[in-house]
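Engineer: Before anything else, here's the structure in question.
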Amino acid sequence: MQENSSSPNKNLGIFQQVRALYKSIIKHDGQGILVPLFGIILIGFLNGYSATYTTTLHGGDNWKPFWLLLGKQALFLGVGFFVAWWFYRFDYRKWGDPKVQRKLLVIVLILMGVVFIPFLGHGANGARRWISLPLGLTLQPSEFAKLAAMLWAAYRIDIQVKQRGIMYLFEPHKWGQYKRLHWLWKVWAFVISQINKLWKGFRGTPGKLHPDLLLPSTFAVPILYAVITMFQPDMGTAILILLFPTLMTFCVGYRKSDWKYLGVVFFILSVIAYLLVRYTEYRWLRVVAFYDPWSDTTVNGYQVTQSILSVSIGGFWGEGFTKGISKYNYLPEAHTDFAFSIFSQEFGFVGVCLVAFFFLWFTKYGLSIARQSRDVLGQILAIGFTFFITIQAFFNIAMVVGLVPVTGVPLPFISYGGSSLVTNFAVIGILLNIARRNEYARKQIGTTRHLPSIGEETRHRFQPKS
């Protein structure tokens, strides 16, 4: 009886000892977020080795593609660590400087424009999304546009919150006073008047829209990036460029009076997205393949069905490292968009849970960094970048198992790809810089809570007693 009663206490003691040891090593969120991150990076590199392992089977010239792919990934890992270090040393508060934002806008627009220049832009599978570099390397500017769009959104949200305390869906812009744009303003005024009439017909109340009221400048640059990306064409990335800034605005919150108009805006965007998908053959075939991939397992649904089979073959424990069979010319893009299929097949349900746990662990520390940030800019950046990593991760996992259509969203730090990898490292660098500032403030002041101003403190101390 004594042994049975003491065994739970013993287990609790071991747990407490492990927890105390972890806390003695990991002293703040900046260190904590590196633990799951290095786990994900290690899994990604090993999975990249396994996914390209088939090129080594026959020796001779077949060794070259294997070492070329793995060498490129190692090179981009090195570049990514350097980029993360640079962003870590760059004070995140400077992203709130208009001059820095203008320079970033010009750089990204130039890179996105180079894609369309012959002999400089690189095309593949009917799309022109890359810039050709020496040594057979390519650069995808739209990946950097995702990061730049979020930095711009955080910059503008910070201004809105400081001025108004909350997001406004529409902002007044007297753009009709410019002579060159006056004709366009008249067209827009006519459209707005018709919308107001429709609104009055449905609701019985007059519409409040005005041609000078436009969407907030938070979305101006992301929309510009998204439109350019659509011409490449890359609808999946364009949606992500708009998605993350939108999520950042929802984290701040809109006025109650704006919610009904938000519904109208999302309805219009949904109609536009449907038309772009329905009347573009390859996009519509992807939707059909998602709806019923088993109806055409040889052409349109081939990639999805092979991915689902790869995941199911893995079972609970998996087939073992480098022993998955789907990478032997069964599953296309086995090392890029569908890298997680190969990992699931070789490490099974246990490996899938491990990857999901690492990303959830990462999310926990990312949101903790946001909670402890002392300014709106740091909070919005930390929340946005945390969701940037985790939403893409779980969207890719859902794509691999057939829960969402195939859109080409990579699995962060695991899918092969240089531009996305470097962008993810830049995100990590900014997160670590925010965590560094949080820890520095905590050591200097001794608290992470909001500190009252001198006026607030004076009113509190000298307030007359009732």
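Engineer: Show me the ranking of peptides 286-294, 181-189 by mean Cβ neighbours inside 10 Å, starting with the highest. Don't jump to the answer; show the numbers that get you there.
Structural biologist: Details: 286-294: 16.0, 181-189: 12.7.
Sorting 286-294, 181-189 by mean packing, highest first, produces 286-294, 181-189.
Engineer: I need the helices of the chain that pass two filters: whole DSSP H segments spanning 18 Å or more by Cα along the axis, and mean Kyte-Doolittle score no lower than 1.0. Could the numbers behind the result be given before it?
Structural biologist: Working: long enough: 2-25 (35 Å, -0.75); 34-51 (25 Å, 1.77); 63-89 (39 Å, 0.80); 98-114 (24 Å, 1.48); 141-164 (34 Å, -0.04); 182-203 (31 Å, 0.05); 235-252 (27 Å, 2.11); 259-278 (28 Å, 1.77); 339-372 (39 Å, 1.11); 376-400 (36 Å, 1.88); 418-445 (40 Å, 0.24).
For the chain, where a helix must reach 18 Å along its axis and average at least 1.0, the hits are 34-51, 98-114, 235-252, 259-278, 339-372, 376-400.
Engineer: How large a share of the accessible area of the stretch 282-408, in percent, is made up of carbon and sulfur atoms when the probe is 1.4 Å and the other protein chains stay in place? The partial results should precede the final answer.
Structural biologist: Values: 3800 of 5580 Å².
Here carbon and sulfur together make up 68 percent of the probe-accessible area.
Engineer: What is the set of long-range amide H partners of Ile131 at a cut-off below 5 Å, with H atoms built 1.01 Å from backbone N?
Structural biologist: His122, Leu139, Gln140
Engineer: Taking square-rooted eigenvalues a ≥ b ≥ c of the alpha carbon gyration tensor, is the stretch 154-205 rounded, prolate or oblate, where a/c under 1.5 means rounded and, failing that, a/b exceeding b/c means prolate?
Structural biologist: Numbers: a/c = 3.95, a/b = 1.29, b/c = 3.07.
It comes out oblate by the Cα gyration axes.
Engineer: Next question, about the same structure. Please report how far the C-alpha centroid of the stretch 210-245 lies from that of the stretch 340-419, rounded to the nearest whole angstrom.
Structural biologist: Computed from Cα coordinates, the inter-centre distance equals 23 Å.
Engineer: Same structure again: From the helices alone, meaning DSSP H stretches of at least four residues, give me the mean residue ellipticity at 222 nm for the chain, per-run term -39500 (n - 2.57), in deg cm²/dmol to the nearest 500.
Structural biologist: Values: 16 runs with 303 residues, N = 466.
Calculated from helices alone, the mean residue ellipticity at 222 nm is -22000 deg cm²/dmol.
Engineer: With only alpha-carbon pairs counted, each pair once and no self-pairs, how large is the Kirkwood hydrodynamic radius of the stretch 161-285 in angstroms? Walk me through the numbers on the way to the answer.
Structural biologist: Working: mean 1/r = 0.0603 Å⁻¹.
By the Kirkwood definition, the hydrodynamic radius is 16.6 Å.
Engineer: Still on this structure: Would you please classify the overall shape of the stretch 254-322 from the alpha carbon gyration tensor, given that a ≥ b ≥ c denote the square roots of the eigenvalues, rounded means a/c under 1.5, and beyond that prolate means a/b larger than b/c while oblate covers the rest? Present the calculation step by step, with values, prior to reporting the outcome.
Structural biologist: Working: a/c = 4.74, a/b = 1.85, b/c = 2.56.
Taking the square roots of the gyration eigenvalues as a ≥ b ≥ c, the stretch 254-322 is oblate.
Engineer: Which lysines, if any, have their Cα less than 25 Å from the Cα of Lys327, not counting same-chain residues under 8 positions apart?
Structural biologist: Answer for Lys327, where 25 Å is the Cα cut-off: Lys64, Lys72, listed by chain and number.
Engineer: Moving on to the next point. For Lys443, which lysines qualify as cross-link partners when the Cα separation must be under 23 Å and same-chain residues fewer than eight apart are set aside?
Structural biologist: Partners found: Lys23, Lys27, Lys94, Lys364.
Engineer: So which chymotrypsin sites (Phe, Trp or Tyr not before Pro) in the stretch 97-162 end up in coil per DSSP with only 14 or fewer other C-beta atoms within 10 Å?
Structural biologist: Details: sites: Phe116, Phe119, Trp130, Phe144, Trp152, Tyr155; in loops: Phe116, Phe119.
Taking the stretch 97-162 and a limit of 14 other Cβ atoms within 10 Å, the loop chymotrypsin sites (Phe, Trp or Tyr not before Pro) found are Phe116, Phe119.
Engineer: Now, a different point. Debye sum, Cα scatterers, the stretch 355-451, no solvent: what log₁₀ I/I(0) at q = 0.19 1/Å?
Structural biologist: -0.89
Engineer: Could you tell me which residue out of Leu381, Val406, Ile157 lies farthest along the dipole of the chain toward its positive end? Charges go on the beta carbon: Lys and Arg +1, Asp and Glu -1, centred on the Cα centre.
Structural biologist: Highest projection toward the positive end goes to Ile157.
Engineer: What does the accessible area per residue of the chain come to in Å², with a 1.4 Å probe and no ligands, DNA or RNA counted?
Structural biologist: Accessible area per residue, the chain: 56 Å².
Engineer: On to the next question. Over the stretch 109-252, with every protein chain in place, what whole percent of the accessible area is carbon and sulfur at 1.4 Å, could you tell me? All intermediate terms of the calculation are to be shown ahead of the outcome.
Structural biologist: Values: 5340 of 7770 Å².
Exposed carbon and sulfur together represent 69 percent of the surface.
Engineer: Using the Cα gyration tensor of the chain, with a ≥ b ≥ c the square roots of its eigenvalues, what is the shape: rounded (a/c below 1.5), prolate (a/b larger than b/c) or oblate (neither)?
Structural biologist: oblate
Engineer: So which lysines can Lys256 reach, going by Cα to Cα under 16 Å and dropping same-chain residues fewer than 8 places off?
Structural biologist: Lys208
The values are calculated or read from the model by the stated rules, or taken from the named source; none is laboratory data. Just so it is clear, the model here is predicted, and its values are computed rather than measured. A quick note on method: Cβ atoms are made from the backbone with ideal geometry, for glycine too, and the neighbour counts reach across all protein chains shown. Only protein heavy atoms, including side chains, enter the accessible area calculation; ligands, DNA and RNA are left aside. Shrake-Rupley method; radii C 1.70, N 1.55, O 1.52, S 1.80 Å.
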